[in-house]
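Reading through the structure tokens given below for one structure.
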Amino acid sequence: MQVIILPTPNDVAQYAANSVVDVVTENTNSILGLATGSTPIALYDELVSRCRAGLLSFKNTKTFNLDEYIGISECHEQSYRAFMNRHLFNLVDINSANTYVPLADSLDPEVLARNAKAYESEIERSGGIDLQILGIGVNGHIGFNEPTSSFASRTRIKTLSKSTVEANKRFFTKGEFQPHLAITMGIGTILESRAILLMATGKGKAQAVKDMIEGPLTSMCPASVLQQHKKSIVILDEEAASLLSLKEYYLWCEEKRQQLHEGNLL
Ligand SMILES: N[C@@H]1[C@@H](O)[C@H](O)[C@@H](COP(=O)(O)O)O[C@@H]1O
């Protein structure tokens, strides 16, 4: 796991944008895994600006989102499909037919299970995800893989934890139905991505970040599984990194990596 600590959330977004640009320009048919939540919004804003400036094109890119709520329609402004359309898909040159978000617009468990299975098949048919973007929940969840999710899990229906429902309450108006279920890529599915980039910003994420990087490998902190991935990069701002015991070491590692890269080590 590579841990990169940067001064501000904007630096985190810039770093993540550079990584996405590298993947998309190296292979114009690349497959991206995308996340929702407030953290990646600054990344999407940056990608939109670069695309509008002609520095980047998503013409042949395919995307797979991590998750979608069950119980609200795709047209609901809090659906993850609507979120992605609003923050990225409608603002860049991507072909909307190449943007996949789990289909969760049914209340029939059999239909939902079939949709989840079909999502897995579609990822596989596409050749797998080149770069998966992740955020992290305050309880260490990734996608909607809540604590105790199996590390071998595949795309499936998942019940949200009370703390996740609470954290996402701010997006729904008072008295409005708020989903307690979602379809999410499984942890096993996420781990098959060729590279993973997790972004975390703000003090509220500091404990989850510490558990993910320095805690034991445990399903109580689903993000800790990234310790086992061969190419996982965690990009943090100072606040999110504030509880790390080995913070100085991670900064030192980046300095050495940079010096080696620039032929400047001796
Ligand atoms: N399913 C999403 C996650 O993918 C996201 O990482 C998390 C944190 O969101 P935020 O970035 O708003 O803290 O929110 C939701 O639960």
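Any read-out appearing in this document is the output of simple, stated calculations on the displayed coordinates, not a laboratory observation. No experiment lies behind these values; they were computed from the predicted model shown. All Cβ positions, glycine included, derive from the backbone under ideal geometry; neighbour counts span all protein chains shown.
Things to note:
- Kirkwood hydrodynamic radius of segment 2-261, Cα pairs, Å: 18.6 Å
- Scanning the chain for DSSP H helices at least 27 Å long along the axis (C-alpha atoms) with a Kyte-Doolittle mean no lower than 0.0 picks out nothing.
- Highest-fluctuation residue, P109, P147, P179 considered, GNM on the chain with Cα pairs under 10 Å: P109
- Built amide H within the under 5 Å cut-off of N65, gap 5+: L34, Y100, V101
- Average Cα contact separation per residue, the chain, under 8 Å, 6 or more apart, as relative contact order %: 24 percent
- The region of the chain that goes longest without hitting one of the GluC sites (Glu not before Pro) in a DSSP loop, each with at most 14 other Cβ atoms within 10 Å, is 78-175.
- Sites matching trypsin sites (Lys or Arg not before Pro) across segment 156-226 that sit in DSSP coil, with at most 10 neighbouring C-beta atoms within 10 Å: K174
- Within a Gaussian network of the chain (alpha carbon springs, distance under 10 Å), most fluctuating of F89, F177, F58: F177
- Model label sites at L91 and S163, defined 7 Å from Cα along the beta-carbon direction, differ in position by 3.1 nm.
- Dividing the summed -39500 (n - 2.57) terms of all DSSP H runs of n ≥ 4 by the residue count of the chain sets its mean residue ellipticity at 222 nm at -10500 deg cm²/dmol.
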